[in-house]
Every structure is written in structure tokens, then in C-alpha cells.
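Have a look at the structure below before the remarks.
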Amino acid sequence: MEVIGRGAGSPPPAAPLVIGVGAGRGVSAGEVLGLVEATLTEAGLSPRGVAELATVEARAGEAGLLTAAERLGVPLCGYAAEALAAVEVPNPSAAPLTAVGTAGVAEAAALLAAGPGGQLLVPKRKSTPPGRPGKATCAVARRPAAVKSGQGGQRRPAVDRPDAGQ
């Protein structure tokens, strides 16, 4: 296959990025987007490299997450809490365990969506809106070059869910 647009000796393009997002009920798209954009900027990563947002199924219908994914131009995929709970994460927390049944959403969703061989580039970060506790967390993982969008772990696109957006 001929690759057009890269000179000889140029590094291959970066594998797609996956953003895992944890969210409290009622999280706004602005809070999610602000956190995602700040996280990518601080890590020196481009929003154009993002292939999808991933979260727990229990939050995949949140309007703020759906709108954030739409504005980024990527799908939002929800994973079962049991699948996320099976992923070892560096920063587990009791809050999501109580709320949705897994000790980690952002990191676990990012790693699960990245697929086998995925690499956690940015560990969980929490939003810090002025005057109130944050309702969003995010983590960034990179897919190995062989994994294409939609080939990560067992997930269900939120847009295909009958209750999406409700």
C-alpha cells in the first residue's frame, strides 16, 4: 500500500486516542469538553487524534456526554460496569464503585476502548469548575496501530441505545 502525504523517513501517524470519561449525573457538555481539551493540551496531544469517548453504560445516556462526543465528532461508547471493573487501573476510587459498580470509569474505559496493547497516556484527571465539586473525570489511552475504531473491548455505542439522550 502506498502512503501519500508522508515523506520517506517520517514517523508513522499516531495511533488513535481514546478518551475515557467518568461523569456524575447532570454533567454539562462544557465541563466535559473543558476537561478533555485541557487534558489533551497539557499532554501535548491533538483533539484531531481522538477516535472516541468511552464511559460506563450507566452514564452513556447523559446529555452532556452525548453532546461532548458530538462536538468532538466522535462516537460515545458505553461499557458494562462489570467489564470496567475487570480492568486494573492505577487510580481506583470508592465514588464510582458506589455510584455505578466499578472502582474506575475514566481509566478503565480508556484502556478497554483502546483494546489489547493499549497504553494509558494520561491517568485520570478531575474537572475543577469554580464554586462546586467537579462532575467529570477523564483519562487518555492510545490504541496500538492495529486496532481500528470500534475494535476495542465489548462496548455498545450510546447512539444505538434506545435510551440514548434521555
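The values are calculated or read from the model by the stated rules, or taken from the named source; none is laboratory data. Given the structure is predicted, the values throughout are model-derived calculations rather than measurements. No Cβ is skipped: glycine too gets one built from the backbone with ideal geometry, and neighbour counts run over all protein chains shown.
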Fill in: Among (1) in a strand (DSSP E or B); (2) loosely packed, with under 15 Cβ neighbours inside 10 Å, the one test that residue 82 misses
(1)
Worksheet item: How do the pairs read when you match residues in the range 60-76 that are over 15 Å from residue 34 (Cα atoms) and in contact (Cβ under 8 Å) with a residue 60 or more places away in the chain with residues anywhere that are of a type in the set (Val, Ile, Thr) and surrounded by 17 or more Cβ atoms within 10 Å (Cβ to Cβ), using Cβ under 9 Å and keeping only pairs 6 or more apart or on different chains?
Response: 63/27; 76/21; 76/55
Worksheet item: Just a yes or no: is a residue in the range 50-68 polar (S, T, N, Q) and under 22 Å from residue 30 (Cα atoms)?
Response: yes
Worksheet item: Can you spot a residue in the range 148-160 that is modelled with pLDDT of 95 or more and not polar (S, T, N, Q)?
Response: no
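For the range 31-46, which positions are surrounded by 15 or more Cβ atoms within 10 Å (Cβ to Cβ), of a type outside the set (D, E, K, R) and either part of a helix (DSSP H, G or I) or within 12 Å of the chain's Cα centre (by Cα) (or both)? Break it down stepwise before answering.
Keep residues of the range 31-46 that are surrounded by 15 or more Cβ atoms within 10 Å (Cβ to Cβ), which gives 31-36, 39-40, 45.
The next check asks that each one be of a type outside the set (D, E, K, R); those that pass are 32-36, 39-40, 45.
Across the range 31-46, the qualifying residues are 32, 33, 34, 35, 36, 39, 40.
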Practice prompt. Mind listing just one residue for me: the one in the range 47-69 that is over 17 Å from residue 114 (Cα atoms) and among the small types (Gly, Ala, Ser) and, of those, surrounded by the fewest Cβ atoms within 10 Å (Cβ to Cβ)?
Written response: 63
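Kindly indicate the residue of the range 103-120 that is closer than 17 Å to residue 24 by Cβ, among the small types (Gly, Ala, Ser) and under 15 Å from the mean Cα position of the chain (by Cα) and also surrounded by the most Cβ atoms within 10 Å (Cβ to Cβ) among those meeting that condition. I'd like the intermediate steps shown before the answer.
Within the range 103-120, the first condition is being closer than 17 Å to residue 24 by Cβ, and the residues that meet it are 103-109.
Within this subset, residues satisfying the condition of being among the small types (Gly, Ala, Ser) are 103-104, 106, 108-109.
Cutting the leftovers down to under 15 Å from the mean Cα position of the chain (by Cα) gives us 104, 106, 108-109.
Numbers: 104: 26, 106: 33, 108: 32, 109: 36.
That would be 109.
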Worksheet entry | Which numbered condition residue 71 fails, given (1) more than 22 Å from residue 129 (Cα to Cα); (2) part of a helix (DSSP H, G or I) | (1)
Discussion item. Residue 100 - would you say it is in contact (Cβ under 8 Å) with a residue 40 or more places away in the chain, farther than 14 Å from residue 18 by Cβ and more than 14 Å from the chain's Cα centre (by Cα)?
Written reply: yes
Worksheet, complete the sentence: Among (1) more than 15 Å from residue 55 (Cβ to Cβ); (2) free of Cβ contacts under 8 Å to residues at least 24 places away in the same chain, residue 90 falls short only on (2)
